[in-house]
Each structure stands twice: as C-alpha cells, then as structure tokens.
Amino acid sequence: LIDHLARNDPLETQRLIDRLERVVGDEAPHLWQLALNQRETKALWDRLGHGAGISVGALIGNPRCPEMSIHCAPLAIQRNDGVMMLPADDEKVKRSDVILFCGTERSKRLLADNLNNPYTLEYLLTGIDPPRSYFFAWLSRYQKASGDVAAGTGL
C-alpha cells in the first residue's frame, strides 16, 4: 500500500488520510486482514455461494444506522494472484478474497458480526429485518401469500 501511494498522485494519499481520519477519529488506527472464507465469514460465504453480488461498501454498513458505516475502511483486496489497492465501495467481493482494513478495534468486531450473522447481513443488503423465529417466519409467509389479510383483521 505504501509503495502504491508513493507511485501515485499525492492527492490520492491525502484523500486516504482524510478518509481514515473520518473513520478512526481520535482512536488509534487498527489494521487487520479478513479472509472471506467459510470459517471466518460464514453468512457472507453462504450468500456469495448463491451468486449474490455484494459490494465491499455493503459489508461495512452500520446495522444500527443504515446511512452510516462502521468505523473502518478497506485498503486493499487480494484476489487470486493480484492485489487491488484502495477499492471503491462498489467493488464486488468474491469468495476467497482477503481484504485489508483500517479502523477501530470495535469496528473489527462489528465487521465480524456483520459477516457471520445471516440476519444482520440480510438487513445490510436489503434493508429488511427478516423474521427470526419459526412463528414469525410462518406469519410473514402467510401474509405474503394471502395479500396481507391480517392487516384487515386487527392483527
């Protein structure tokens, strides 16, 4: 990453510094890499296996405040034999990518939650909070099949 920044326009380095200052704030920056595999990112791995196109920006969404992201930024994506520096938020991730992040210590834990909890990931990707119990899953399917009959019954 340092070599990439040294070879390119100094404005790119300044934009990165500005972004990281916004992301990390007053906290000490924390670097980590995340391998997109079945063990470390179970929900994401399953979703990618169904052919879903998921952007790196969607992964760092904040489920408590959808218009914001958690406090981290992707710095590089290693894919196959190549490395993509400073990926755009709309860059689609693939199984077996390894992503270098910079953020806060807390954002590392939040990102792991985003990528391992299927309900959280579904909400980040669709804006829909799926039903989590058998009863509410059944009720949701029933309402869709019946054209929301329950709405007229006072339920």
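The values are calculated or read from the model by the stated rules, or taken from the named source; none is laboratory data. Note that the coordinates shown come from a computational prediction; the quantities given were computed from them, not determined experimentally. Quick reminder, even Gly has a Cβ in these numbers, built from the backbone with ideal geometry, and neighbours come from all protein chains shown. The area values use the complete protein model at the heavy-atom level, side chains included, leaving out ligands, DNA and RNA. Shrake-Rupley method; radii C 1.70, N 1.55, O 1.52, S 1.80 Å.
With a ≥ b ≥ c the root eigenvalues of the C-alpha gyration tensor of segment 66-129, is it rounded (a/c under 1.5), prolate (a/b larger than b/c) or oblate?
On the way: a/c = 1.87, a/b = 1.48, b/c = 1.26.
Prolate is the answer for segment 66-129, as a/c is 1.5 or above and a/b outweighs b/c.
For segment 1-117, what does the relative contact order come out to in percent, with C-alpha contacts under 8 Å and a separation of six or more? Could you put the intermediate results ahead of the total?
Working: 171 pairs, mean separation 41.4, N = 117.
Worked out over segment 1-117, it gives 35 percent.
Kindly report the accessible area of segment 1-69 per residue (heavy atoms of protein chains, probe 1.4 Å, no ligands, DNA or RNA), in Å².
Details: 4560 Å² over 69 residues.
Roughly 66 Å² per residue, with all protein chains present.
Would segment 1-43 count as rounded, prolate or oblate if I go by the C-alpha gyration tensor, calling it rounded below 1.5 in a/c and otherwise prolate when a/b exceeds b/c, oblate otherwise? Show your work: numbers first, answer last.
Working: a/c = 3.13, a/b = 1.64, b/c = 1.91.
Here segment 1-43 falls in the oblate category.
Ratio of Rg to Rh for segment 1-122, alpha carbon only, Kirkwood?
Values: Rg = 14.2 Å, Rh = 14.8 Å.
Ratio of gyration radius to Kirkwood radius for segment 1-122: 0.96.
Using a Förster radius of 35 Å, what is the FRET efficiency between M85 and I128 based on their Cβ-Cβ separation? Nearest 0.05, please. List each step's numbers first, then the result.
Numbers: r = 34 Å, r/R0 = 0.96.
E between M85 and I128, to the nearest 0.05, is 0.55.
Out of segment 1-57, which GluC sites (Glu not before Pro) are coil in DSSP terms and have no more than 11 other C-beta atoms within 10 Å? Let's see the in-between values first.
Values: sites: E12, E21, E27, E40; in loops: E27, E40.
Qualifying residues, ordered by number: none.
What whole-number distance in Å separates the alpha-carbon centres of segment 87-108 and segment 1-41?
Between the Cα centre of segment 87-108 and that of segment 1-41, the gap is 10 Å.
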